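Just below is one structure, and these are the notes that go with it.
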Amino acid sequence: MVSLCKKIITPIARASITISTKPTIFTGHEVPFVPFSQLQKIKQLESQIISTLHDCTNLSQIKQTHAYIIRRCLHQSSYVIAKLVRMLSKTSVSMLPYGVSIFSQVRHPNAFLYTALIRGYTIDGMLEESVFVYNSMRRDGLTPVSFTFTALLSASASEKKVDLGRQLHCECVKLGGFEVDYFVDNVLINLYLKCGWLSSGRKVFDESPERDLISWTSLIDAYAKAGRMDSASEMFDRAPAKDMVLWTAMVTGFVQNAKPREALEYFEKMQISGVQTDEITLVGVINACAQLGAAKYANWVRDIAEKSSFSIAKDSHLGSAMIDMYSKCGCLEEAYEIFKNMHKKDVYSYSSMIIGLAYHGRANSAIELFEEMTKTDVGPNAVTFLGVLTACSHAGLVEEGKKFFEIMESTYGVTPCADHYNCMVDLFGRTGRLDEALDVITSMPMEPTAGIWGALLGSCRTFANPDIAEIAARHLFELEPVNIGNYILLADVYVKAERWEDSLKVRKLISEKGLRKTPAFSCVEGEKGVIHEFYAGNMTHPRSTEINEVLENLIERLKLNGYEPDLSSVLYDVNEEEKRRILMKHSEKLALAYALLIAEDGSAIRIVKNLRICVDCHLFMCGVSEISRRKIIVRDNMRFHHFEDGACSCRNFW
DNA sequence: CTAGGGTTAG
């Protein structure tokens, strides 16, 4: 290999462009002087080779054509070689060095050939190398073409190098030796949006004379990713045309902003307007269903996938999303079925499944699956270990958890991040080892997050430890001054420790700060895929009278079994009778009663709650699962609870 | 002939 290619392959320290002072305008391609008649023949041959190259689909075909090029003495033609290099960079990553070596044999590469190489590097995400080639090209006195800039700009966008991109764009405009087409504008819009410069991107978008559908989509997607769904919807309405990708961006946008109902609404509109859907659209829809936790919806999506003959078994995105959806809908068997049938299991499918098992309290299965995974060539990543550690903490497997935490870095090279420390705090905290949980926090190498202090505070409530709770609360009130949940937890700890006055003080603090409670609600699937939402204390459901009767009846029967309402779950300063009334109208109880009203024989009841299930409701569900001889599956914001024959799968580790 | 939408955790 010639020295130039070595130079190009070696990464340079910093990507920045150097501007050569006097660019020579260079057009045409390098061929030795030949009489006109022969030139005609060469041009013919060139076009013939290019069309052959165009039809190449694999490396051996390309190599054959390369041999032909050499036989016909056209290996110095930048025109032909540019196409060859381009084809190589398109073929696969490992072919780039081959392209580089061919490039370096051309004595006078022209702008097209340089650009082909630049594109080769940008496709492989080697931005610094491509900038290096760009600089070499300028040193050779060549003028870039429009496509040189679009390649470099789009690479800067995906690497989020906004400064480099702007520098390139400035040079592109300044140079102007060619027509700067609207396409450069579009790539610039994309650069700004990808780098989070929304207003700059919008400005170029507004001023650009030719905005096409792709730019509309980029803009709308950028708004969605920034959590600005109102702006996204507004632009969506204004978009002159709407294709599959644009619709999908909206569906996915709503999902990313935790608005699954709107996502499904848009999906429906999309279908009505006759736009096709593909796997990517469906992944969005699947995630919406996962958020809803509605089992009937899960089956509905699966039907769509199967009818559209999308391959759940082959597409990792689709399969993993579906595993996640089924486990979040409480259907672990279906999730496992999908997992089992996947042809090639990757880190996503394994992790989704491990996390699913963890949330359903199946710690041993999760660990087994992890061990099975380590025997394959699929390496675990940070998320996989989150799943494994979650499994341990939700099952009280302290020693196992400690072991996994140790080996994740030493054996698998995965450096623990704050979330992993969060799991460790949980692991110790849930089993009452609060001092050790606190030790984890004080010894961790990064700043503890609010979630970590929150986990500690939650454990302090379970084990009535006001001393450590106060430490956690102090940090939490600083980190999240308006999160009412933290104040409620602390007040709760004081109640458990029978320090009524302190509890009262915290509640005063809540009202002084004017914090309002997050309304608790629970959902249950009714007939025809209608999801019924129940808010705590709200009796506006059309069948409220019946719901009330069911609840009264259940309580009577449970009392015979020794159930006594756990009044400590009610923090308000009211009399016992009122506390009983409040408890009775907890959202998950209302949802349960409604579910019992409409449930078919023998079917399991699935409830999704936005907050953590309270102690009394947990007790209540246990009892109802026994007397009604029905499985009750509750998903709260922490995990799943499977109630069966009077016991819960969480074994009180929640 | 270049640019837009996707998977696991919290």
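The values are calculated or read from the model by the stated rules, or taken from the named source; none is laboratory data. Quick caveat: nothing in here was measured; it's all calculated off a predicted structure. Positions of Cβ are backbone-derived with ideal geometry, glycine not excepted, and every protein chain shown enters the neighbour counts. These accessible areas exclude ligands, DNA and RNA; they are computed on the full protein's heavy atoms, side chains included. Shrake-Rupley method; radii C 1.70, N 1.55, O 1.52, S 1.80 Å.
For the residues A:GLY125, A:GLY141, the requirement of being in a loop (DSSP other than H, G, I, E, B) and within 19 Å of A:LEU96 (Cα to Cα) singles out A:GLY125. Being in contact with a Lys or Arg (Cβ under 9 Å, 6 or more places away or on another chain), at negative phi and surrounded by fewer than 20 Cβ atoms within 10 Å (Cβ to Cβ) is the requirement here; does A:LEU619 meet it? It is false that A:LEU619 is in contact with a Lys or Arg (Cβ under 9 Å, 6 or more places away or on another chain), at negative phi and surrounded by fewer than 20 Cβ atoms within 10 Å (Cβ to Cβ). If you filter segment A:328-351 down to residues that are without any contact (Cβ under 8 Å) to a residue 60 or more places away in the chain, open to solvent by less than 30 Å² (accessible area, probe 1.4 Å) and more than 8 Å from DNA strand B (Cβ to nearest atom), you find that the one that is farthest from A:ALA363 (Cα to Cα) is A:MET342.
Taking segment A:187-249 as the region of interest, the helices (runs of 4 or more DSSP H) fully inside it that hold 3 or more residues being within 8 Å of DNA strand B (Cβ to nearest atom) are A:213-225. Among all residues of segment A:119-128, there is at least one that is open to solvent by less than 30 Å² (accessible area, probe 1.4 Å), more than 9 Å from DNA strand B (Cβ to nearest atom) and either touching a strand residue (DSSP E or B) at 6+ places or on another chain (Cβ under 9 Å) or not aliphatic (A, V, I, L, M) (or both).
Open to solvent by 30 Å² or more (accessible area, probe 1.4 Å) and part of a helix (DSSP H, G or I), is that true of A:SER568?
For A:SER568, the condition - open to solvent by 30 Å² or more (accessible area, probe 1.4 Å) and part of a helix (DSSP H, G or I) - is met.
Take the conditions open to solvent by 10 Å² or more (accessible area, probe 1.4 Å) and assigned by TED's automatic domain parsing to the domain that holds A:LEU53 and apply them to A:ILE102. Does it pass? For A:ILE102, the condition - open to solvent by 10 Å² or more (accessible area, probe 1.4 Å) and assigned by TED's automatic domain parsing to the domain that holds A:LEU53 - is not met. Assess whether A:LYS296 counts as being of a type in the set (D, E, K, R), outside the structural domain of A:ARG635 (by TED's automatic domain parsing) and touching a residue at least 40 places away in the same chain (Cβ under 8 Å). Yes: the conditions hold for A:LYS296. Counted as qualifying within segment A:416-515 are the helices (runs of 4 or more DSSP H) with 1 or more residues that are in contact with a Lys or Arg (Cβ under 7 Å, 6 or more places away or on another chain), namely A:450-462, A:466-479, A:484-496.
Does segment A:525-535 include one or more residues that are of a type in the set (Val, Ile, Thr) and more than 20 Å from A:LEU583 (Cα to Cα)? Scanning segment A:525-535 turns up at least one residue that is of a type in the set (Val, Ile, Thr) and more than 20 Å from A:LEU583 (Cα to Cα). For beta carbons closer than 7 Å, sequence separation of 6+ or different chains, a first residue in segment A:203-215 that is modelled with pLDDT under 90 and a second that is surrounded by fewer than 16 Cβ atoms within 10 Å (Cβ to Cβ), the qualifying pairs are A:SER208/A:TYR182; A:PRO209/A:TYR182; A:GLU210/A:TYR182.
Within segment A:636-654, the residues that satisfy the criterion of being assigned to a strand (DSSP E or B) and open to solvent by less than 40 Å² (accessible area, probe 1.4 Å) are A:PHE640, A:HIS641, A:PHE643, A:CYS648. Of the set (1) within 12 Å of DNA strand B (Cβ to nearest atom); (2) at pLDDT below 90, all apply to A:LEU152 but (2).
What number of residues within segment A:297-315 are in a helix (DSSP H, G or I) and crowded, with 18+ Cβ neighbours inside 10 Å?
Matching residues across segment A:297-315 total 5.
Comparison of A:LYS314, A:LYS307 shows that the only residue that is within 12 Å of DNA strand B (Cβ to nearest atom) and out of contact with any helix residue (DSSP H, G or I) (no Cβ under 8 Å at 6 or more places or on another chain) is A:LYS314.
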